[in-house]
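Q: Let me begin by handing over the structure; questions about it come next.
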Amino acid sequence: MVRRVTVEEYNLCWAEQYDAEAVKLRALLADNLLEIHHIGSTAVPGLSAKPIIDIMPVVKDISAIDRLQKTFERAGYLYLGEYGIPGRRFLVRGTDKIRFAHVHIFGVSSSDIERHLAFRDYLRCHEAEAAEYSCIKKALALKFPEDIEAYINGKSGFVRDLETKALKWFRANLQT
């Protein structure tokens, strides 16, 4: 099944969709949940994005998440385990063709937490780079409307460079 690559202008409803999904995840994760964050492009006002809400719960015990697989599935999530990132548990809400949310669950000690928050916060504070990222994503979506891998590969160099800059900025701003 081909996943269509669609990049849309920023939508105020994305924050509301995150809030509604976060309520469901808080209930499912219960006492294991420490924090929950709206991450990714839909979390950056003004940034164009694929209309898929990225959510990052941070939990005390990542291994306990595996025991909730059936619970997540009953709640409408596809449970994919680590799905290529060690220490993460990845869930999808929606179908292969139309996805609504990606849930990236990390244990509290994961370095991926800082990476995601730094990237999001950097783009929130640097409008010119967010605008450049929007342009890149829109152009790639037009060029590769039915090839999600080519879309991801096309932006990976920009994302990698921006992530390095964002982490440096984030760490410097934590000191102040």
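Q: For the stretch 75-99, which residues satisfy the criterion of being of a type in the set (Phe, Trp, Tyr) and either under 21 Å from Val23 (Cβ atoms) or assigned to a strand (DSSP E or B) (or both)? Can you show your working first?
A: Taking the stretch 75-99 first, the residues of a type in the set (Phe, Trp, Tyr) are 77, 79, 83, 90.
Matches in the stretch 75-99: Tyr77, Tyr79, Phe90.
Q: Here's a check for you: in the stretch 77-100, which residue that is in contact (Cβ under 8 Å) with a residue 60 or more places away in the chain and surrounded by 15 or more Cβ atoms within 10 Å (Cβ to Cβ) is farthest from Leu33 (Cα to Cα)? Don't jump to the end; show me each part of the working.
A: The first filter runs over the stretch 77-100 and keeps only residues in contact (Cβ under 8 Å) with a residue 60 or more places away in the chain, leaving 93, 96-97, 99-100.
Right, trim to surrounded by 15 or more Cβ atoms within 10 Å (Cβ to Cβ) and you get 93, 99.
On the way: Arg93: 19, Arg99: 24 Å.
Once the filter is applied, the top-ranked residue is Arg99.
Q: Right, another one. Taking into account only those residues within the stretch 85-113 that are more than 12 Å from the chain's Cα centre (by Cα) and of a type in the set (Gly, Ala, Ser), which is nearest to Asn173 (Cα to Cα)?
A: Top of the filtered list is Ser111.
Q: Across the stretch 23-47, what is the total count of residues that are within 25 Å of Cys125 (Cβ to Cβ) and surrounded by fewer than 18 Cβ atoms within 10 Å (Cβ to Cβ)? If you could, list the steps in order and put the result at the bottom.
A: Step one: list which residues in the stretch 23-47 are within 25 Å of Cys125 (Cβ to Cβ), which gives 34-47.
From the residues that got through so far, the ones that are surrounded by fewer than 18 Cβ atoms within 10 Å (Cβ to Cβ) too are 34-35, 45-46.
Here the count works out to 4.
Q: Moving to a separate point now. So His102 ticks every box in (1) assigned to a strand (DSSP E or B); (2) over 30 Å from Arg67 (Cα atoms) but one. Which box is left unticked?
A: It is condition (2) that His102 fails.
Q: Tell me, yes or no, whether the stretch 138-145 has at least one residue that is at pLDDT 95 or above, surrounded by 12 or more Cβ atoms within 10 Å (Cβ to Cβ), touching a Phe, Trp or Tyr at 6+ places or on another chain (Cβ under 6 Å) and not in a helix (DSSP H, G or I).
A: Looking for residues that are at pLDDT 95 or above, surrounded by 12 or more Cβ atoms within 10 Å (Cβ to Cβ), touching a Phe, Trp or Tyr at 6+ places or on another chain (Cβ under 6 Å) and not in a helix (DSSP H, G or I), one finds at least one in the stretch 138-145, hence yes.
Q: What about Phe90, is it at pLDDT 95 or above, touching a strand residue (DSSP E or B) at 6+ places or on another chain (Cβ under 9 Å) and over 22 Å from Lys165 (Cβ atoms)? Working first, answer last.
A: On the way: at pLDDT 95 or above: yes; touching a strand residue (DSSP E or B) at 6+ places or on another chain (Cβ under 9 Å): yes; over 22 Å from Lys165 (Cβ atoms): yes.
Yes.
Q: Output yes when any residue across the stretch 114-133 is free of Cβ contacts under 8 Å to residues at least 60 places away in the same chain, part of a strand (DSSP E or B) and more than 19 Å from Leu174 (Cβ to Cβ), and no when none is.
A: no
Q: Checking Val59 against (1) surrounded by 19 or more Cβ atoms within 10 Å (Cβ to Cβ); (2) out of contact with any helix residue (DSSP H, G or I) (no Cβ under 6 Å at 6 or more places or on another chain), which test does it fail?
A: (2)
Q: Taking only pairs six or more apart or across chains, which ones have beta-carbon atoms under 7 Å, a first residue in the stretch 63-76 that is touching a residue at least 12 places away in the same chain (Cβ under 8 Å) and polar (S, T, N, Q), and a second residue that is part of a helix (DSSP H, G or I) and surrounded by 10 or more Cβ atoms within 10 Å (Cβ to Cβ)?
A: Close Cβ pairs (under 7 Å, with a partner that is part of a helix (DSSP H, G or I) and surrounded by 10 or more Cβ atoms within 10 Å (Cβ to Cβ)) amount to Thr71/Leu28.
The values are calculated or read from the model by the stated rules, or taken from the named source; none is laboratory data. Quick caveat: nothing in here was measured; it's all calculated off a predicted structure. Every residue, glycine as well, gets a Cβ built from its backbone with ideal geometry; the counts of neighbours run over all protein chains shown.
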